[in-house]
Amino acid sequence: MGYDFQRIEKKWQEYWSNNQTFKVAIDHNKPKFYVLDMFPYPSGSGLHVGHPLGYIASDIYARFKRHKGYNVLHPMGYDAYGLPAEQYAIQTGTHPEITTEKNILRYREQLDKIGFSFDWSREVRTSDPKYYKWTQWTFIQLVNSWYNKSTDKAEDVSSLIGHFEKSGNAGIIAAGEETEPFTAEDWKAYSEKEQQEILMKYRLAYLSNTMVNWCPELGTVLANDEVKEGLSERGGHPVEKKMMKQWSLRITAYGQRLLEGLDNIDWPESLKEMQKNWIGRSEGASVIFNVDKEHVNNENVGIEVFTTRPDTIFGATFMVLAPEHELVDRITSSERRKSVDEYKSWVKNRSERERMTEVKNITGEFTGAYAINPLTNDRIPVWIADYVLSGYGTGAIMAVPGHDSRDFAFANHFNLPVIQVVVKDGDKPSDPGTWDDSYDSKEGIMINSGFINGLSVHDAIRTTIAKIEELGIGEGTVNYRLRDAIFSRQRYWGEPFPVYYKDGMPYMLDEDKLPLELPKVESYLPTSEGNPPLANAKNWATEEGYPLETNTMPGFAGSSGYYLRYMDPNNEVEYFSKEANNYWKDVDLYIGGDEHAAGHLIYSRFWNKFLFDLGLVCEEEPFKKLINQGKIQGRSNFVYRIQGSNKFVSYNLRKEYETQPLHVDIDMVNNDVLDIETFRNWRAEFKDAEFVLEDGKYICGHEVEKMSKSKHNVQNPDALIDKYGADTLRLYEMFLGPLEQDKPWDTNGIEGVFRFLRKLWRLYFDDNDNIIINDEKASDKELKSLHKAIKKVTSDIERFSFNTGVSAFMICVNELADLKCHKKEILEPLVVLLSPYAPHIAEEIWQTLGNDKGISYVEYPVHNEKYLVENTFEYPVSFNGKMRFKISLPVNMSKQDIEEAAINAEEAKKWTEDKTVRKVIVVPNRIINIVVG
RNA sequence: GCUCGAGUGGUGGAAUUGGUAGACACGUUGGACUUAAAAUCCAAUGGCCAUCGCGGCCGUGCGGGUUCAAGUCCCGCCUCGAGUACCA
């Protein structure tokens, strides 16, 4: 019969399901271990081979930890809200819920076939009201919180109101917009609406008029991480800047903590780096430059700038404001007004994409105003230009053309003066008029700079900050690139906000009204007035008739805290119980793609830190260790059609003809050899195709490309499972290469793994599938082989090197085959080693060996060093007539080798005299290496 | 431009701390078994030279360096990939 994977895999998948083998509960007698996968969006095309890569890795680890005695939480669910289902609904009228349900069933079926050890009783779906109730609930908590910078944590707004009632806003240091000072009396005198407007400036989820990324094509706003190079990440549609009233999350309050937290978690450096860049902390100073009073009716107008190079302030020869800067209108002189207004409207009508592609074009206008450089007292002109962004820093800069390349280019273009204030160590000052570019480096000595002359740049920065603080014209500050996350989407298929409006002000629903369920609508399109689809819903209002919010939450809302819900997924009164959180704590191992670096993985950390501040979760960081599995690219196959004919030429002969390559479906190609019959039947036009063969075969060309339907290179796991079985797929995906590396999918090697499993089967089962096993005592050689494998396979799993782990296992089986070993003593631990990788066949062998319990929780074998070092010779090698060394020699080393080694040792001794010998390495037939130190 | 990562046989990739480079697998070639094929098994497989055999030389993107010893460490380049970008 042989290795009947179909029977075996079906049998054990049913067994695990019927016995709820992987269902876990809190168990204080066992240490916990939480292994998490990034849950998938259930798209219509089902799983492809890239999906399971990370899932297989995490499953191996989860199974390994179970063998090691851990109580393993290994859940799975669905990130069920998303645009494709909504767009499908717009086209067909099918409710996204129906599409999503259908896709989930398909995903589940595919996942089950691979034999994952998920605890499905804990499944969550972000679109399930029982789940999104807690997404809405968390939103309410965010709205009801503010960030107290003095205690450096989020607090309930009641503490803020208490303070306002007692002492106004004096002494409050909060994350958020600046608010005008007010007293306790002022506060009490404000109307409720005025009070709410003030509070809104403090809340961690807040409604405001803000510049958003608007994507007209998608009809929705997008968060910064959903925009790549001025185009929407999804679909690649142009994105424009637009002022809109939107909900935002004040994630900037957590900028510093999000940065510092990276030091305490075990994540790939590259990913930490991406988050650091995204947060973009830069240290510098803010300085106020006063505008020359002549131009502003003798009023005091100060322009605040942010600079990371306060040392170069003596070189500031002009200023530049962003065109949108609020002071522009006030300071523009009447002669310049027309030009300035024209420039502003030109900037405004330019799309974000145009702006980005035309960065090389230098544009700007002089406002007619002058400012006073506070350290030199020089009058310097104030310009506006779109190279200064309103969204970063203060939206205004002091321009130092000598030491900033953008300022330099601007000064050259508009003929503004350039002063050198930093000179490179060892160089002499030179005439900036002769320069090709500015000197931007922070290495050098200050010149032309008054009290900081002669200092290094580094010292000058410190000294200048001290000086401007002393003069009261500025202070040392830290600036972040991180922006608050826009939280509204003009879509249907997302979580409704638990918000209603009264007098135009938003109010939260009572918590006992949650979940606020997504209503049915007739059309999934925006209304004709441009309102979101929810505006189509009938009776979309509270019982009292107040209108409900018509926006929905973005995709990252539901995924930000899903790992917490898995801890206690069926709790109806809480997000999760304190007990569950105290036991499961945090995710010990998180596996997923790095495309979430600036999105989900930052939002989740923010979400978790917020709940930590509220005392709801016990760990500040949600994901202790994270691994990025590489992306699997497609491997396309090509046939070469001779121009103007229906004749195809094999790959290596194609140069002899004028050919045109055509994608062929990879399912009709095996090891790059085309199945000609299938190809002829593929399409009518190929029915009578002729072929020029090489060695009787048609060889296809190949190329690594993105997996896509149009390239006919999408590999879905089902076909492979049908052909080879899940265990082969699992082993092969791991065998493909290092987990973290991107790699093309290539089935050319899958036969090798399949061959191996069949060999394993044949080794222990006869033709009638009776196991060939005996109770004889294992020999030293057999034990050595086994223990070598235990050591290697174990350490490889522990360091996530699954490909080498598979190899080590194969080596052991091959050695045992050579030894004709059929001993139970060897096979039992060996099968446990195999179990995480290929659980179905491992279970089958385990059961055949007479165990009735199932292998999943069997203790993992531990290697014994004693079996590994077999031949240890104590070979005396004396250095300086004193030292003796014990040298461990490989088993296969002959007497002659040892003699030779010894001779070399005597020679080596000559140069080791007077040195301390630390380690001796014997290499057969070669040399003795002696490590001195 | 900046930041990070990677370059090893025909291919995917091993080499955990500097210590026999190329494990393991694919592919290829030859052989066994078979009427034949599939399956399976055995042998060879980095390059060059030598050859009955023993063996020798060169080899981890390029150029230097440190070391008894470098794929691994240091300096300078080249190429590819990823992220990010008038961020002051």
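The values are calculated or read from the model by the stated rules, or taken from the named source; none is laboratory data. No experiment lies behind these values; they were computed from the predicted model shown. So basically every Cβ, Gly included, is an ideal-geometry build from the backbone, and we count neighbours across all protein chains shown. All accessible areas refer to the heavy atoms of the entire protein, side chains included, with ligands and DNA or RNA removed. Shrake-Rupley method; radii C 1.70, N 1.55, O 1.52, S 1.80 Å.
Between A:Lys201 and A:Ile811, the simple label model (points 7 Å from Cα in the Cβ direction) yields a spacing of 6.8 nm.
Once C-alpha pairs closer than 8 Å and six or more residues apart are averaged by separation and normalised to the residue number of chain A, the relative contact order reads 13 percent. Along the stretch A:69-82 the Karplus relation, 6.51 cos²θ - 1.76 cosθ + 1.60 evaluated at θ = phi - 60°, assigns HN-Hα couplings of x, 8, 8, 9, 8, 9, x, 8, x, 9, 8, 8, 8, x Hz to successive residues, with x for each Gly and Pro. Legend: residues A:Leu653, A:Leu693, sorted from most to least accessible area (1.4 Å probe; ligands, DNA and RNA excluded), read A:Leu693, A:Leu653.
Taken one residue at a time, the phi angles of the stretch A:431-444 give Karplus couplings (6.51, -1.76, 1.60, θ = phi - 60°) of 7, x, x, 9, 6, 8, 8, 7, 9, 8, 5, 8, 9, x Hz. Gly and Pro are set to x. Cβ-Cβ distance of A:Ser441 and A:Glu177, R₀ of 35 Å, FRET efficiency by 1/(1 + (r/R0)^6): the value works out to about 0.45. Calculated accessible area for chain A comes out at 46 Å² per residue, all protein chains present (probe 1.4 Å; ligands, DNA, RNA ignored). Across the stretch A:617-641, the residues whose backbone nitrogen lies under 20 Å from the label position 7 Å along the beta-carbon direction of A:Glu260 are A:617-624.
Among the trypsin sites (Lys or Arg not before Pro) within the stretch A:1-79, those in coil by DSSP and having at most 12 neighbouring Cβ atoms inside 10 Å are A:Lys23. Please compare each pair in A:Lys11/A:Lys32; A:Lys687/A:Lys723; A:Lys201/A:Lys241; A:Lys631/A:Lys866; A:Lys130/A:Lys624; A:Lys30/A:Lys824 to a cut-off of 32 Å on the Cα-Cα distance and tell me which ones are over it. Where the Cα-Cα span goes over 32 Å, the pairs concerned are A:Lys631/A:Lys866. Most tightly packed first, judged by the mean number of other beta-carbon atoms within 10 Å of their residues, the peptides A:442-450, A:393-401 read A:393-401, A:442-450. Counting only heavy atoms of the protein chains and using a 1.4 Å probe, A:Ser528 has close to 110 Å² of accessible surface. As a length-normalised measure over Cα pairs under 8 Å and 6 or more apart, the relative contact order of the stretch A:627-685 settles at 30 percent. Each residue of the stretch A:746-753 is assigned a 3J(HN,Hα), and the resulting list reads 8, 8, 4, x, 5, 4, x, 5 Hz, derived from the Karplus form 6.51 cos²θ - 1.76 cosθ + 1.60 (θ = phi - 60°), x at Gly and Pro.
Helix A:895-912 and the longest principal axis of the Cα set of chain A meet at an angle near 40°. Computed from the Cβ-Cβ distance with R0 of 25 Å, the FRET efficiency linking A:Asn851 to A:Glu798 stands at 0.45. Calculated from the alpha-carbon coordinates, the stretch A:717-858 shows an Rg and a Dmax of 15.1, 46 Å respectively. Per-residue surface analysis assigns A:His413 an accessible area of about 100 Å², computed on protein heavy atoms at 1.4 Å probe radius.
Note on A:His702: accessible area approximately 90 square angstrom, rounded to 10, probe 1.4 Å, nucleic acids and ligands left out.
Put simply, the amide H of A:Met505, placed in the peptide plane, has no neighbours under 5 Å, leaving out anything fewer than 5 places away on its chain. In this structure the amide hydrogen of A:Val422, modeled in the peptide plane, comes within under 5 Å of the amide hydrogens of A:Ile447, none closer than 5 places in sequence on its chain.
Length gained on full extension, A:Asp27 to A:Lys348, computed as 0.36 nm times the residue gap minus the Cα-Cα distance: 109.4 nm. With a 1.4 Å probe rolled over the protein heavy atoms of all chains, the accessible area of A:Arg350, A:Arg379 falls in the order A:Arg379, A:Arg350, largest first. The amide H of A:Arg125, built 1.01 Å from its N in the peptide plane, has A:Tyr78 as neighbours under 5 Å, considering only residues 5 or more places off or on other chains.
Length available on full extension from A:Ser528 to A:Gln6: 0.36 nm per residue minus the Cα-Cα distance, which gives 182.4 nm. Of the GluC sites (Glu not before Pro) found in the stretch A:92-192, those in coil by DSSP whose Cβ has at most 10 other Cβ atoms within 10 Å are A:Glu178. Largest to smallest in accessible area, the residues A:Asp742, A:Asp672 fall in the order A:Asp742, A:Asp672 (1.4 Å probe, all protein chains included).
At R0 = 30 Å, how high is the FRET efficiency between A:Asn770 and A:Asn681 if r is their beta carbon distance? Nearest 0.05 is fine. Calculated transfer efficiency: 0.10.
In this simple spin-label model, placing a label point 7 Å from the Cα along the Cα-to-Cβ direction at both A:Thr92 and A:Val692 gives a separation of 4.5 nm. Compared with the direct C-alpha span, the chain from A:Asn670 to A:Gln741 gains 23.1 nm at full extension, assuming 0.36 nm per residue. In the stretch A:1-126, Cα pairs under 8 Å separated by at least six residues give a relative contact order of 35 percent. Obtain the nm distance between the two label points defined at A:Ser339 and A:Trp540 by a simple spin-label model: each point lies 7 Å from its Cα along the Cα-to-C-beta direction. Simple spin-label model gives 4.9 nm for this pair. So which trypsin sites (Lys or Arg not before Pro) in the stretch A:794-867 are both in a DSSP loop and have at most 11 other Cβ atoms within 10 Å of their Cβ? Of the trypsin sites (Lys or Arg not before Pro), the ones in loops of the stretch A:794-867 whose Cβ has at most 11 other Cβ atoms within 10 Å are A:Arg799, A:Lys820, A:Lys853.
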